[in-house]
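What follows is a single structure, written as structure tokens, with notes after it.
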Amino acid sequence: MKKSGLNNYMLAHKLLDSIIATTAGSKVLTVLGPKDGSIMISINDSGKVGVEATHRLTVLSRIADAIEAEGKVIVQQCLKLGERRIESGRKRYIPQQNIYGFTLGNGKVTPWTKEEIESFSSREKELCLTLKEASRICSVG
């Protein structure tokens, strides 16, 4: 492995560990990379990436590729259900989530600003899970 490849892998490891440590609970991670399209994987509330041991290595490899060339990481953090009263007075429980994003490329990781999170492109939105889908996965993970 070239030195830049090793540095990118170490940076990918640092990013993934930071995401797990700083975002409580279950989450869904989407990596949009230059090679092999996108990958989406769940991270449970104890920090386990995916279902099999190889899933963590696969995600790290994809993040490292995106750091080398160009890509993005989108984190959908699943929150507790929010409560809302409807016109009839009954309660409805609405899934909630936080979105975080990072732009990757040229050996760098740049966190998204609030404005970037609010306006990320329709392509990125299509590749992420809907709120309902993410909540379902997080409740299983």
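No value in this document is a laboratory result; all are computed from the given coordinates. Remember, it's a predicted structure, so these values are computed and weren't measured experimentally. In this analysis, Cβ positions are derived from the backbone assuming ideal geometry, glycine residues included, and neighbour counts consider all displayed protein chains.
Extension gain for Ile86 to Ala21 (0.36 nm times residue separation, less C-alpha to C-alpha distance): 19.8 nm. Pairs exceeding 18 Å between alpha-carbon atoms, taken from Lys14/Lys80; Lys35/Lys114; Lys14/Lys35; Lys27/Lys108; Lys14/Lys72: Lys14/Lys80; Lys35/Lys114; Lys14/Lys35; Lys27/Lys108. Here each label is just a point 7 Å from Cα along the line to Cβ, and for Gln96 and Leu6 those points are 4.6 nm apart.
The stretch between Lys35 and Ala53, if pulled fully straight at 0.36 nm per residue, gains 4.3 nm over its current Cα-Cα span.
Counted by neighbouring Cβ atoms within 10 Å, the residues Glu87, Glu70 run from fewest to most as Glu87, Glu70. Sorting the segments 45-54, 104-113, 7-16 by their mean number of nearby beta carbons within 10 angstrom, highest to lowest, gives 7-16, 104-113, 45-54.
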